[in-house]
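The values are calculated or read from the model by the stated rules, or taken from the named source; none is laboratory data. What you are looking at is a predicted structure, and each value in this text was computed from that prediction instead of being measured. Please note: Cβ atoms are built from the backbone with ideal geometry, for glycine as well, and neighbour counts cover all protein chains shown. Accessible surface is based on the protein model in full, side chains and every heavy atom, while ligands, DNA and RNA are left aside. Shrake-Rupley method; radii C 1.70, N 1.55, O 1.52, S 1.80 Å.
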Amino acid sequence: MPTPRSSSLLQRAQAVIPGGVNSPVRAFAAVQGDPPFMARGEGAWLVDEDGNRYLDLIGSWGPLILGHAHPGILEEVIEVMRDGTSFGCPTAGEVLFAEELVAAHPALDQVRLCSSGTEATMHALRLARGFTGRDVIVKLDGCFHGAHDAVLVAAGSGVATFARPGSPGIPQAVANLTRTAPYNDLDTVRAHLEQGDVAAVILEAVPGNMGCIAPADGYLEGLRALTREHGALLVVDEVMTGFRLARGGACERFSIDADLVCLGKIVGGGLPLAAFGGRREIMQRLSPSGPVYQAGTLSGNPVAVAAGRSTLRRLTPDVYADLERIAAAVDASLRGEVERRGLTMTRVGSMFTIFFRDTVPTCFSEVAECDMDAFGRFHRAALDRGVYLPPSQYEAAFLPAILGDADVEHLVAALRGALDAVCS
Ligand SMILES: *Cc1c(COP(=O)(O)O)cnc(C)c1O
């Protein structure tokens, strides 16, 4: 049931904001009912304008691995903010943060900060084109790299939820420079690369924007070998997986030797901050050390950097051990319930998806075969039981590292109840 205060806000929102939301995936287009409006977050929980509480499995779509309103992070952010919010001049915090990123991620010799994941992939792809002198990008169906022209082709989640292949407004001439291939299929990528004009292959190493999909054995190694053989760069978009699947992201967890990586979400600690970086010889081509232009007024602003540094400092080996333990406990309690009802569940670390399909999907077209109507009812049933899942079958749920035993019990009981409500 839509709650009264939330529903009056939705009407007002729809009058002044297209669709009532500032990012399409927040709408409940693919599930039942209306989105509640949130008043605040408390650790692992969301509280809406009517006082309903939800265990939050979105975490602001990935960033909040340590939960909402972490007191220590807030304190450090406020402290820094007292000295000013943005200077447009170099600051010490940026240097310390860049040093921490370079130390944490195996692909990074150098890094440039920006303000969103969309910017990070846009700049990384321009740099790849500038470095190789080639124009074509290969992306994988169902992987999402933000909402800019080069990558808004077969882009999973938001685009698929709203049933639009690409988007009007993207010139055909631009779309023609992006070739796509199914995830987990090396042959199509090889055929694209053999044309000799590919600047970069960009991918989510573990896609989370078509639900959570696992890479097949040898797939990531195969992409690395093929791109190297054909002189194309391998750009791993770790906006979702960076600092989530390990401190060094998917590249650490799966030993990927990326040329460039994109970071966002967790690195900003819930504030607008993202980054891209990689091999020194490539990054040196970036302005002002090289000719490839890239810029941003608020890039590396002290407030976002403080949130990022405070978050990363707290992501110790113990936190990752907790996160794996929590995720394994959820998996152990849930997987049987899911499979008993003829459904499937995927999980990589703290990312997981329950698919309304009887075999595990390995690529976008298989996810598209899920029973979307049943998912929509499941989502509502979970919400009614106090669990906020992402409102689309094409999205991964995120577990935060701060779930206690009682939270896990609540989560499992609510999802079991929601499965009963939909599958009986
Ligand atoms: C969220 C996401 C983006 C876009 O990041 P924004 O900050 O929303 O622009 C890019 N790539 C991946 C893999 C993402 O999950």
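In table form, for the structure just shown:
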{"read-out": "Volume per residue of the C-alpha convex hull in the chain, rounded to whole Å³", "value": "138 Å³"}
{"read-out": "Normalised per residue, the volume of the convex hull around the Cα set of segment 217-271 (Å³)", "value": "64 Å³"}
{"read-out": "Relative contact order for the chain, counting Cα pairs under 8 Å that sit 6 or more residues apart, in percent", "value": "22 percent"}
{"read-out": "Beta bridge orientation in the chain: antiparallel %, DSSP, nearest 5", "value": "55 percent"}
{"read-out": "The chain - charge dipole about Cα centre, Lys and Arg +1 at Cβ, Asp and Glu -1, debye rounded to 20", "value": "600 debye"}
{"read-out": "Computed [θ] at 222 nm, helices only, for the chain once each DSSP H run of length n ≥ 4 contributes -39500 (n - 2.57)", "value": "-11500 deg cm²/dmol"}
{"read-out": "Spatial separation of Cα centroids for segment 293-322 and segment 228-242, in angstrom", "value": "21 Å"}
{"read-out": "Å² of accessible area per residue within the chain, as computed with a 1.4 Å probe and no ligands counted", "value": "40 Å²"}
{"read-out": "Counting DSSP beta bridges with both ends in segment 72-314, the antiparallel % (nearest 5)", "value": "35 percent"}
{"read-out": "Protein accessible area in the chain, 1.4 Å probe - carbon and sulfur %", "value": "53 percent"}
